[in-house]
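Notes for the one structure printed next.
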Amino acid sequence: MKIYLATGNEHKKREMQRIFSDFEIVIPKDEGIDFDPEETGNSFFENSLIKAKSLFDIVNAPVIADDSGLCVDALGGEPGVYTSRYAGKDAMHGRSDGKKISQAEQNRLLLEQVNETHSEGDARSCHYVCSLTCYVGKDRFFNAQETMEGFLIDNIEDAAGCGGFGYDPIVIIKSYGKTVAELTDEQKDEISHRGKAARALYSVVKAQLYGEKK
């Protein structure tokens, strides 16, 4: 059974396919669909629902959408839902022209902001959030939301790992003593915000959609 994933991110597609192994995961660009909805929600859940419903209205088939981000405790939970748009302390919710900066620049600016705001020794705790919504019909959907706890590295020179994406090279998982970008796919699927939310959602979706086929 095909399930659409409302993203253009190939990394997310691979992560979701590993867990939703009984389904064929398809993203919009696989079928030439132009998809870039405006994310106007004030929470991860609201944005995931916006994306899921927007793609469902195009394909009229089950859609999974995720909204995820990094919440830094020293910054009061920022950048949060603005994680992909973060552009430094003067543009925490995105640049006024709407243009996004490179991920490497985001990583550097985030560490600089934390280091400027909090002296050495202050907690550098942070957590990722992932809200996953599966939209299967008009006004009918399922949602799972999970977190992954971590700590920011001290300086951008300490960034490590070539796996993962986003802020993964600057977030350490203490139980492994590694950054998220240094974890194997299996390790990341086990502990990540997206992996945990996907497994929770998978059990519900499989029971509901497969059950309806019988």
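Details
- Unmet requirement for residue 40, which otherwise passes all of (1) open to solvent by less than 70 Å² (accessible area, probe 1.4 Å); (2) among the β-branched types (Val, Ile, Thr); (3) at pLDDT below 95: (1)
- If only residues of segment 75-102 that are open to solvent by less than 20 Å² (accessible area, probe 1.4 Å) and in contact with a Cys (Cβ under 9 Å, 6 or more places away or on another chain) are counted, the one that is nearest to residue 160 (Cα to Cα) is 83.
- Just one of the listed residues (52, 61) is in a helix (DSSP H, G or I) and under 21 Å from residue 140 (Cβ atoms), namely 52.
- When 105, 112 are screened for being acidic (Asp, Glu) and open to solvent by 70 Å² or more (accessible area, probe 1.4 Å), only 112 passes.
- Enumeration of residues in segment 177-211 that are without any contact (Cβ under 8 Å) to a residue 24 or more places away in the chain and either on the phi > 0 side of the Ramachandran plot or surrounded by 15 or more Cβ atoms within 10 Å (Cβ to Cβ) (or both): 177, 178, 181, 182, 183, 187
- Within segment 89-111, residues that are farther than 17 Å from residue 168 by Cβ and assigned to a loop (DSSP other than H, G, I, E, B) sit with their Cβ atoms under 9 Å from residues that are among the β-branched types (Val, Ile, Thr) and open to solvent by 60 Å² or more (accessible area, probe 1.4 Å), at 6+ positions apart or across chains, in these pairs: 89/117.
The values are calculated or read from the model by the stated rules, or taken from the named source; none is laboratory data. Keep in mind it's a predicted model, so treat the numbers as computed, not measured. Glycine gets a Cβ as well: all are built from the backbone with ideal geometry, and neighbour counts include every protein chain shown. The accessibility values were calculated without ligands, DNA or RNA, using every heavy atom of the protein model including side chains. Shrake-Rupley method; radii C 1.70, N 1.55, O 1.52, S 1.80 Å.
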